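The values are calculated or read from the model by the stated rules, or taken from the named source; none is laboratory data. Worth saying up front: this structure is predicted, and the values here are computed from it rather than measured. Virtual Cβ from ideal backbone geometry, glycine too; neighbours counted across all protein chains shown.
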Amino acid sequence: MWLRALVLATLAGSSAWGEHDRSGSAGRAPSGRGLELGAAEPRQPGPGFSFSLPRCSQDAVAGQVLFELFTNHKQNIPLKYSEDCLYLNIYTPADLAKKSRLPVMVWIHGGGLFLGGASTYDGLALAAHENVVVVTIQYRLGIWGFFSTGDEHSRGNWGHLDQLAALHWVQDNIASFGGNPGSVTIFGESAGGESVSVLVSDPDTSPNPTLDPAWSPSVLRTHLQFQKAVRGKFLSVDLLGDPRERHMLLPTVIDGVVLPKTPEELQAERKFHLVPYMIGINKQEFGWILPTLMGYPLSEGKLDQKTAMSLLWNSYPSVKIPKELIPEATEKYLGGTDDPVKKKDLFLDLVGDVTLDAGAPTYMYEFQYRPSFSSDLKPKTVIGDHGDEIFSCLLYTSRWLPHWPEYNQKEGYLQIGANTQAAQKLKDKEVAFWTNLFAKKVLEKPPQTEHIEL
């Protein structure tokens, strides 16, 4: 199956143009013009198609590292950055009829809400083999996308509003590309998965999408509590000062617009879109890339219990484990061995379990496979690291897929690896431990906020 043409769509007249290329049908469509602080607005057509159109402003070095780690492109793509960056890519099958109404899959990239871009991911294979229309979108990042004063002066969540604008564009225009606006799947990894959770909770999101899977370990509540900051190495473990007084940079916030209430309140009131939902984790989410980027001092491959407790306390903005509960958590995970190498691995399991933690059909998976293209720097023992599934989720097909049980009282899920099979009760002992441990936590007084003029 060949992919049809290079296409570029525009907001102005839903037009499309481009050049035929046997290599594939890939187009970039402007979805809005970036504003310094505020919601996106429509823009005029651009000059033509190019994979080198800019990504949203971000740290260039970190952006390049993330691209090289996670891209499924074979060609080298030069990376550019700009505040004028709200573009989306569209991929369609080759044998597309004029009146085709194919399912649409909209990919939201990850990167902690401060890194990444649509051009990292190539949707050609997924569109070709699964006969769907694939859309990859961009949204403003970092201070441009998530700066908030906590009041009407700058509500925040501008990047999520960009995502919402892209979905509205898809609803209005995707039929021109053979897509069905009534059958839209949104999916993403890491911060992209968190974004799916936000959009499912957003009252302004159309209820038309038939499936909203979050290919991610991210839980919305976790992202509302913290966000990784760019500090030296993406996020460094600061060993000075009181960890409880540190604030991570630019998270998703309760703004009264994108998120009118907390996730707990929305769930209790059932004020979210009741659509089929898929969520998953990788076997070793905190296996290599996250502790490396976060600057954990684990280069020697060893760890003692005292150092582990110190790291947990100084990681409080991320793990939220009160100081008085750290000894019990550390003993639970590390207490069964005296081997410092095993203690290091068990510590990474601990952090992964606590930080990357229905009302509608829900499906769960665990990805447990080490890709052949894994970095040589990654230890051979790490199987299913954070982001390892990205390449396959844009290529993997449903052929030969075994029965996938719905996640219900039996807690069924799918183990995806060399041997894919159904299973039950993923990490049930760990879930029970953390549930009981945090039940001991005394409710803390909410922090007092104060408005400060800029």
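Side notes on the structure shown:
- Restricting segment 175-197 to residues that are part of a helix (DSSP H, G or I) and of a type in the set (Gly, Ala, Ser), the residue that is modelled with the lowest pLDDT: Ser197
- Where a residue in segment 318-338 is over 15 Å from Leu348 (Cβ atoms) and its partner, wherever it lies, is hydrophobic (A, V, I, L, M, F, W, C) and part of a loop (DSSP other than H, G, I, E, B), with Cβ under 8 Å and at least six apart: Lys320/Phe226
- Hits in segment 150-194 - residues which are small (Gly, Ala, Ser) and more than 17 Å from Asn89 (Cβ to Cβ): Gly150, Ser154, Gly156, Gly159, Ala175, Gly182, Ser183, Ser190, Ala191, Gly193
- Residue among Leu443, Leu437, Leu426 that is under 24 Å from the mean Cα position of the chain (by Cα) and either at pLDDT below 80 or of a type in the set (Ser, Thr, Tyr) (or both): Leu426
- The strands (runs of 3 or more DSSP E) found wholly in segment 86-174 and carrying at least 1 residues that are over 16 Å from the mean Cα position of the chain (by Cα) and polar (S, T, N, Q) occupy 87-91.
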